[in-house]
Amino acid sequence: MRGNAHVRFGGRAGETERSRDRHRAPVRPYYLLPPLTPNEVLEALILKDGIDAARTGPGVVYTTRLIERAAQSGLSRIASHPFYRRMTIRNWNTTRKLLAMMIEARLDV
């Protein structure tokens with residue numbers, strides 16, 4: 001989790017996606033491998049107004065979409081882009097678990 005972008009778009013620290021807006025899917029981070037940049041990915045994303053949202057952070061693009069209109073989302077089209085192989089997309093639960101593992105490994109040293 002890089003920077004504050006994982007906190008709900010426009011939300012406050014400590015406020016989760018679910019507590020603030022039950023109609024949005026949890027944030028899904030796209031972690032990028034260099035030399036791919038967040039701005040390149042953001043330009044290529046097909047964001048549908050009122051359905052999809054995206055923000056960038058260092059080496060990552062955070063996305064979310066409306067649950068009830070997920071079938072109309074343009075976010076899944078990123079898989080057809082040539083640079084799709086230069087990123088890894090994770091759900092929010094996996095991201096939190098990976099962070100916990102990294103913190104635990106650092107404490108064990």
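FYI, it's all coordinate maths here, none of it is from the lab. Predicted model, so just to flag it, every value in this text is computed and none were measured.
Computed from backbone phi, the HN-Hα couplings of the stretch 52-63 come to 9, 9, 8, 9, 10, x, x, x, 8, 10, 9, 10 Hz, rounded to whole numbers (Karplus: 6.51 cos²θ - 1.76 cosθ + 1.60, θ = phi - 60°; Gly and Pro given as x).
Need one word for the stretch 17-108: rounded, prolate or oblate. Basis is the Cα gyration tensor (sqrt eigenvalues a ≥ b ≥ c); a/c below 1.5 gives rounded, then a/b vs b/c decides. Verdict is oblate for the stretch 17-108.
Our coupling estimate for the stretch 73-90, obtained by passing each phi through the Karplus curve with A = 6.51, B = -1.76, C = 1.60 and θ = phi - 60°, is 5, x, 5, 5, 5, 4, 5, 8, 7, x, 7, 4, 6, 9, 9, 10, 10, 10 Hz, Gly and Pro reported as x. Less than 5 angstrom separates the built amide H of MET87 from those of LEU33, all sequence-distant by 5 or more or on a different chain.
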